[in-house]
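Each remark here refers to the structure printed beneath this line.
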Amino acid sequence: MRSQVRRRVMAGNWKMYKTQAETRDFFPVFLPLILDATHCDVVIAPPFTSIAAAVQATEGSRVAIAGQNNHWQKEGAFTGEVSSQMLVAVGCTYVIVGHSERRQYSGETDGMVAQKSRAALECGLTPIVCLGENFTERETGRTQEILSQQFIGGPGSLTPEEFSRILLAYEPVWAIGTGRTATPDIAAAAHRFLRQCVQDQFSAEAAASVRILYGGSVKPDNSQGLMAQQELDGALVGGASLDAKSFAAIVNCK
Ligand code: PGA
């Protein structure tokens, strides 16, 4: 199903790490290391409080900045939340939606994932929509059922036009932060299945062009093998994106 070349995206998810000062220290080391990585788009998602510092530090570079979450409303009485419009105003061009940690700890549902994706798209942000099964679901043979359910209730409920502007990230929960990366074959099989879901819901063309990133313990020493899989259009990297040299090594892998 690879009828066209899909440009690779390498994204770093800093989660709840890095103050503004640490963010300012990261980029002068990172940016010179990725000057030759013109084969991919590079995105970093700092915590909200460090976004402005990241935007400033990456001005004029090829690195785009993402929010790690957005609310589906433009504004309102939603204590602790940040809207897509606010992310755009501070300089973000992407936002991560439906990360498993938000599903797990903040009760995010597939319906919320769809609403947040729509809100992001309305103001021009590119949502990176995450989905993936947990350990028990994989062990009990329910991976496809869960992926299909998360897909249909979330990104699969967008219009074809909306869907054409999002990225998907397959992130098996059992591989996140555990050091237990999916093998390249396991990851590729899940990506193929997701592409089939896209084809069933939208079209063969949508399936061939949607970019699907893999996330879950991607490190410099396993990124080469993962990226060698045609099905993988990039990576969403947590822990290894916190260190400039290690994230640069992942970005630079061809
Ligand atoms: P990890 O996180 O690379 O630390 O496993 C990936 C993610 O949660 O996006």
Enumeration of residues in the stretch 9-21 that are among the polar types (S, T, N, Q) and either more than 26 Å from L232 (Cβ to Cβ) or part of a helix (DSSP H, G or I) (or both): T19, Q20
Please enumerate the residues belonging to the stretch 136-190 that are small (G, A, S), in a helix (DSSP H, G or I) and farther than 22 Å from Q224 by Cβ. S148, G153, G156, S157
Of residues in the stretch 68-112 being crowded, with 19+ Cβ neighbours inside 10 Å, at negative phi and of a type in the set (G, A, S), the one farthest from the chain's Cα centre (by Cα): S83
List the residue pairs whose Cβ atoms are under 7 Å apart, where the first residue sits in the stretch 96-110 and is assigned to a loop (DSSP other than H, G, I, E, B) and acidic (D, E), the second is within 12 Å of the ligand (Cβ to nearest atom) and modelled with pLDDT of 95 or more, and the two are 6 or more positions apart or on different chains. E108/G98; E108/R102
In the set R24, R6, the lone residue that is assigned to a loop (DSSP other than H, G, I, E, B) and at negative phi is R6
G132 passes all but one of (1) away from the ligand (no atom under 14 Å from the Cβ); (2) modelled with pLDDT of 95 or more; which number fails? (1)
Can you list residue pairs whose Cβ atoms sit under 9 Å apart, with the first residue in the stretch 214-239 being at positive phi and the second being more than 15 Å from the ligand (Cβ to nearest atom) and of a type in the set (K, R)? Count only pairs 6 or more apart in sequence or on different chains. G234/R6; G234/R7; G234/R8; G234/R211
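For (1) of a type outside the set (S, T, N, Q); (2) in contact with a Leu (Cβ under 9 Å, 6 or more places away or on another chain); (3) in contact (Cβ under 8 Å) with a residue 24 or more places away in the chain, each residue gets a yes or a no:
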site: G154; (1), (2), (3): yes, yes, yes
site: F163; (1), (2), (3): yes, no, yes
site: G177; (1), (2), (3): yes, no, yes
site: T181; (1), (2), (3): no, yes, yes
site: A206; (1), (2), (3): yes, no, yes
site: I212; (1), (2), (3): yes, yes, yes
So which of M16, M10 ends up being open to solvent by 40 Å² or more (accessible area, probe 1.4 Å) and of a type in the set (A, V, I, L, M)? M16
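Checking the conditions here, which among G215, G238, G234 is buried (at least 24 other Cβ atoms within 10 Å of the Cβ) and in contact with a Lys or Arg (Cβ under 7 Å, 6 or more places away or on another chain)?
Going through G215, G238, G234 in turn, just one is buried (at least 24 other Cβ atoms within 10 Å of the Cβ) and in contact with a Lys or Arg (Cβ under 7 Å, 6 or more places away or on another chain): G234.
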If you go through the stretch 214-232 one residue at a time, do you hit one that is more than 15 Å from the ligand (Cβ to nearest atom), assigned to a helix (DSSP H, G or I) and under 26 Å from Q68 (Cα atoms)? yes
If a residue must be open to solvent by less than 10 Å² (accessible area, probe 1.4 Å) and either touching a strand residue (DSSP E or B) at 6+ places or on another chain (Cβ under 8 Å) or within 16 Å of the ligand (Cβ to nearest atom) (or both), how many such residues does the stretch 147-170 contain? 9
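The values are calculated or read from the model by the stated rules, or taken from the named source; none is laboratory data. Values in this document were obtained by computation on a predicted structure and should not be read as measured data. In this analysis, Cβ positions are derived from the backbone assuming ideal geometry, glycine residues included, and neighbour counts consider all displayed protein chains. Surface areas here come from the heavy atoms of the whole protein model, side chains and all, with no ligands, DNA or RNA. Shrake-Rupley method; radii C 1.70, N 1.55, O 1.52, S 1.80 Å.
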